[in-house]
Amino acid sequence: MTTAQVSSGQTPSGRLSPGPRAKRTGGARRAERTRRALRTLGFLSPWLVGFSVFFAYPLISTVYFSFMKYDGFTAPTWVGLRNWVYVLQDSPFFWPSLRNMLWLVLVMVTCRVVFGLGIGLLITKVKAGAGLFRTLFYLPYLAPPVAATMAFVFLLNPGTGPVNTILGALGLPEPDWFSSASWSKPSLTLLALWCIGDLMVIFMASLLDVPKEQYEAAELDGAGPWQRFRYVTLPNISPIVLFAVITGVIATMQYYTEPLVAAKVASGVIGGSGQTFEPGYPDKSTLTVPHVIYNLGFQRFDTGAACVVAIVLFVLAMIFTGFLMRRRSGFMAAED
Amino acid sequence: MPGTRRKTTAVALAAAASSIALLATACTGSNDAGATDDPKAKTTLTFWHGWSAPSEVEAIAENIKSFEAKHPNITVNVVKGITDDKLNQALRTGGSNAPDVVSSFTTDNVGRFCASKALADLKPFLDASGIDPEKTFLPQMAKYTQHDGTRCTVPLLGDAYGLYYNKDAFEEAGITAPPKTLSEFDAVVKKLTKTKGDGFERLGFMPLFVGYETTVEHYGAGFGVTYLGPDGKSNTAQDPAVKALFTWQKKLVDELGGFQKLNKFRTALGDEWGPKHPFHTGQVAMQLDGEWRGKMASDAKLPFEIGAAPFPVPDAQAADYGKGYLSGTILGIAGTSEKKNAAWELVKYLSTDTDAVVSFANAIHNVPSTVEALNSPKLSDDPLYRTFVDIAQHPKSTHAPSSVNGGAFLLTLQDSGLAHEKGAEKDLDALLRKNDEQVDKDNEQAG
């Protein structure tokens with residue numbers, strides 16, 4: 001062992017020991033790391049403040065209040081699992097709203113994606129008047145949700161609506177639409193399809209972005225229209241399809257205005273300030289989870305139970321999103 | 001696309017968190033039951049009310065002007081068209097723009113307002129002013145403005161419910177007087193009904209629970225429904241009046257062609273507060289409604305004459321004919337108000353000053369809520385209106401009891417009624433037992 005070796009910090013046993021020079025270097029590194037961390041935190045601080053105030057605090061509060069009896073006026077008191085038992089076992093609204101949510105997530109989101117993609121495909125193929133069709137399909141999306149819903153309730157009115165008048169004239173069955181528990185969700189789906197403008201634009205942009213050479217190559221290989229769609233279009237736009245599905249699922253889990261307005265107008269309870277209205281008409285068929293949160297938290301002053309429903313919605317949103325993201329990862333990996 | 005992935009996750013987090021944040025932000029505010037302000041000091045009060053029709057807004061503005069003239073130190077900032085949903089949030093959060101004095105049309109919420117202390121206890125103010133609410137207000141109105149011994153509201157005009165009828169249609173059908181019992185009523189309804197294809201040209205009466213004023217509690221007063229037992233538990237399965245009401249209503253629905261046919265006709269009718277109300281258009285010949293309908297009908301200049309009478313009672317209760325359902329506007333002081341003494345001056349003036357009550361009642365065609373105002377010679381002598389004043393004073397006229405859960409028990413019973421009228425639930429006893437179980441669970445949760 002040379003002097004040089006000893007001075008560099010290596011012990012006779014061969015292990016390294018922190019010599020005076022090494023100590024100085026380590027301390028400088030730690031100081032540098034701390035400076036970097038503080039700088040990073042400084043840059044991140046606006047986000048961290050926002051995250052803490054608008055996400056972490058509400059989330060922790062919601063969990064806390066889910067174990068409390070709290071009406072928003074008097075001090076909260078501990079009730080253990082009572083709110084959870086009430087919501088999951090005794091509430092007349094929770095399970096119907098969850099069943100409706102599942103129906104809407106499966107049917108309405110699927111219909112919206114398929115229809116939006118279909119319209120996007122058709123419009124990209126149209127040679128003449130494409131601008132007019134784009135405008136026609138996009139315009140309904142600009143209608144305020146309340147106005148659009150009221151217009152749909154009018155159009156689908158079982159007694160006087162033009163849709164049933166036409167169906168009757170053609171000798172077809174005339175559904176009760178928003179007045180029937182079986183037809184109310186399909187009616188909401190029709191309304192969602194009418195307002196498909198946002199998805200149509202996104203799909204159109206992605207469809208126009210598909211390289212033309214790939215279609216030409218596929219045609220040279222003898223691919224038909226379906227094969228071109230299946231093996232060229234779909235792989236190219238799959239990230240957009242998944243984006244549409246994920247945002248559609250989240251929006252559907254937060255569905256509020258349209259079903260509430262439709263239920264109010266269809267039930268006739270629309271104008272009286274003295275009339276109390278519980279959403280879901282008819283037969284809780286249009287009841288959504290956010291309706292239940294609002295009803296419990298803001299109409300029944302039962303913040304604790306409302307927090308339980310909010311947590312369930314949050315967890316479900318996480319599960320749905322996580323599941324879809326995992327599917328996406330697998331899909332993208334296979335594509336790569 | 002990791003960027004998209006992060007973005008989507010962020011969207012998901014934000015989306016799910018928004019509903020949570022919505023709740024958490026509402027979880028603030030506090031109550032100050034004390035009243036330390038000087039009512040003679042110069043101050044501005046904020047008063048929220050639910051009226052929105054121009055004539056109503058003008059009438060309340062007139063009353064406020066008179067109040068300000070009598071209390072020059074108090075200025076009132078009036079906010080119109082307030083619904084209970086807005087009111088609930090404002091009462092919770094407080095703040096400089098929150099109301100000091102509030103009114104609501106939803107008498108069913110009194111229990112919730114009093115139990116939660118959203119509205120301040122008015123007893124100390126009433127005592128200090130030497131006002132005995134039991135003697136000042138109509139007995140039923142004095143009753144429905146308190147909950148479980150706590151008086152957090154006072155009545156500001158009332159509503160009484162009765163039967164409006166189309167006199168021309170009556171004459172055409174050879175009917176000489178409004179029916180007094182339900183068997184007479186059923187016969188009149190059928191006589192007045194004219195079918196057209198698979199619908200109606202004119203319906204004698206729309207009995208469905210959904211829409212308009214044919215709710216279970218409005219029918220219930222005629223039957224003497226009690227809703228809750230002496231122990232505070234729901235007793236609809238035990239109360240024969242509930243079974244009688246549901247049975248009669250369903251029988252009438254079936255005799256008129258069934259739920260589907262009536263509901264299809266209902267969806268084609270105009271809305272309750274618009275000029276195309278089916279009673280105005282002659283599409284229904286009789287209507288269960290409040291006293292305001294008389295003014296709305298005369299404002300609409302109907303091409304036929306109308307009459308009003310108490311709603312018919314079950315045959316076994318013929319001696320009680322004249323009774324009806326009572327409701328009205330309630331007035332209270334926000335629990336969060338820091339100007340409660342000044343606010344009480346406004347509440348006292350609006351609810352107990354005879355001239356103020358009478359002029360407001362005449363202007364908006366509501367029933368006065370004080371005994372003195374009811375006996376005032378200045379009160380309108382319009383015969384249609386007077387019918388409802390008489391219903392309000394009938395000793396057996398009632399209002400649904402207050403509950404810690406507000407009107408939730410009524411909405412649950414209404415849902416049961418909807419299920420029964422459409423035939424979704426055929427076993428009425430089982431349906432009402434289920435109704436009681438649900439109401440008790442809801443009340444236990446709210447208690």
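General observations
- Residues located in the stretch B:406-428, provided they are assigned to a loop (DSSP other than H, G, I, E, B) and within 16 Å of the chain's Cα centre (by Cα): B:G406, B:G407
- Residue match in the stretch B:132-150 (condition: part of a helix (DSSP H, G or I), of a type in the set (K, R) and either within 14 Å of chain A (Cβ to nearest Cβ) or farther than 26 Å from B:L374 by Cβ (or both)): no
- Among residues that are among the charged types (D, E, K, R) and more than 22 Å from the chain's Cα centre (by Cα), B:D271 is not included.
- Test result for B:D436, in a helix (DSSP H, G or I), open to solvent by less than 30 Å² (accessible area, probe 1.4 Å), within 14 Å of another protein chain (Cβ to nearest Cβ) and out of contact with any Asp or Glu (no Cβ under 8 Å at 6 or more places or on another chain): yes
- Each residue in the stretch B:44-91 was checked for being farther than 18 Å from B:G335 by Cβ, away from chain A (no Cβ under 14 Å) and not in a loop (DSSP other than H, G, I, E, B), and 20 of them qualify.
- Residue check for B:K340: buried (at least 23 other Cβ atoms within 10 Å of the Cβ) and away from chain A (no Cβ under 14 Å): yes
- Within the stretch B:299-319, the residues that satisfy the criterion of being within 25 Å of the chain's Cα centre (by Cα) and not aromatic (F, W, Y) are B:D299, B:A300, B:I306, B:G307, B:A308, B:A309, B:P310, B:P312, B:V313, B:P314, B:Q317.
- Checking A:A192, A:A205 one by one, the residue that is among the aliphatic types (A, V, I, L, M) and either part of a loop (DSSP other than H, G, I, E, B) or surrounded by fewer than 20 Cβ atoms within 10 Å (Cβ to Cβ) (or both) is A:A205 and no other.
- If the condition is being more than 7 Å from every other protein chain (Cβ to nearest Cβ) and within 27 Å of B:D85 (Cα to Cα), then the stretch A:302-329 contributes A:G304, A:V308, A:V309, A:I311, A:V312.
- Residue match in the stretch A:136-144 (condition: closer than 21 Å to B:V210 by Cβ, touching a residue at least 12 places away in the same chain (Cβ under 8 Å) and either surrounded by fewer than 18 Cβ atoms within 10 Å (Cβ to Cβ) or not charged (D, E, K, R) (or both)): no
- Selection within the stretch B:85-130 - open to solvent by 30 Å² or more (accessible area, probe 1.4 Å) and under 22 Å from B:V357 (Cβ atoms): B:F105, B:K123, B:D127, B:A128, B:S129, B:G130
- Filter result (in contact (Cβ under 8 Å) with a residue 60 or more places away in the chain and hydroxyl-bearing (S, T, Y)) within the stretch A:158-181: A:S179, A:S180
- Within the stretch B:107-131, the set of residues being in contact with a strand residue (DSSP E or B) (Cβ under 8 Å, 6 or more places away or on another chain) and not in a helix (DSSP H, G or I) comprises B:A118, B:L119, B:A120, B:D121, B:L122.
- Within the stretch B:139-188, being out of contact with any helix residue (DSSP H, G or I) (no Cβ under 7 Å at 6 or more places or on another chain), over 29 Å from B:I330 (Cα atoms) and among the aliphatic types (A, V, I, L, M) holds for B:A177, B:A187, B:V188.
- Among residues of the stretch B:355-387 being closer than 24 Å to B:L119 by Cα and assigned to a helix (DSSP H, G or I), the one that is farthest from the chain's Cα centre (by Cα) is B:A356.
- Count of residues meeting criterion [under 20 Å from B:R266 (Cα atoms), more than 27 Å from the chain's Cα centre (by Cα) and not in a loop (DSSP other than H, G, I, E, B)] in the stretch B:161-201: 11
- Qualifying residue in the stretch B:151-173 (condition: of a type in the set (A, V, I, L, M) and open to solvent by 10 Å² or more (accessible area, probe 1.4 Å)): yes
- Residues in the stretch B:92-115 that are more than 20 Å from the chain's Cα centre (by Cα) and within 8 Å of chain A (Cβ to nearest Cβ): B:R92 only.
- Hits in the stretch A:279-300 - residues which are open to solvent by 10 Å² or more (accessible area, probe 1.4 Å) and facing chain B (nearest Cβ under 9 Å): A:Y281, A:D283, A:K284, A:P290, A:Y294, A:F298, A:Q299, A:R300
- Lone unmet requirement of (1) open to solvent by less than 40 Å² (accessible area, probe 1.4 Å); (2) part of a loop (DSSP other than H, G, I, E, B); (3) away from every other protein chain (no Cβ under 14 Å) for A:V269: (3)
- Within the stretch B:274-295, tally of residues that are surrounded by fewer than 21 Cβ atoms within 10 Å (Cβ to Cβ) and either more than 24 Å from the chain's Cα centre (by Cα) or not charged (D, E, K, R) (or both): 6
- Pair list, Cβ under 7 Å, 6 or more apart: the stretch B:174-189 residue closer than 15 Å to B:G307 by Cβ, other residue assigned to a helix (DSSP H, G or I): B:I175/B:V188; B:I175/B:K191; B:P179/B:F185; B:P179/B:V188; B:K180/B:A318
- Positions within the stretch A:114-145 being within 20 Å of the chain's Cα centre (by Cα), closer than 30 Å to A:S267 by Cα and assigned to a helix (DSSP H, G or I), in sequence order: A:F115, A:Y141, A:L142, A:P145
The values are calculated or read from the model by the stated rules, or taken from the named source; none is laboratory data. The structure presented is a predicted model; accordingly, all values stated were derived computationally and were not measured. Methodologically, a virtual Cβ is constructed for each residue, glycine included, from the backbone with ideal geometry; neighbour enumeration extends over all protein chains shown. Just the protein is used for accessible areas: all its heavy atoms, side chains included, with ligands, DNA and RNA removed. Shrake-Rupley method; radii C 1.70, N 1.55, O 1.52, S 1.80 Å.
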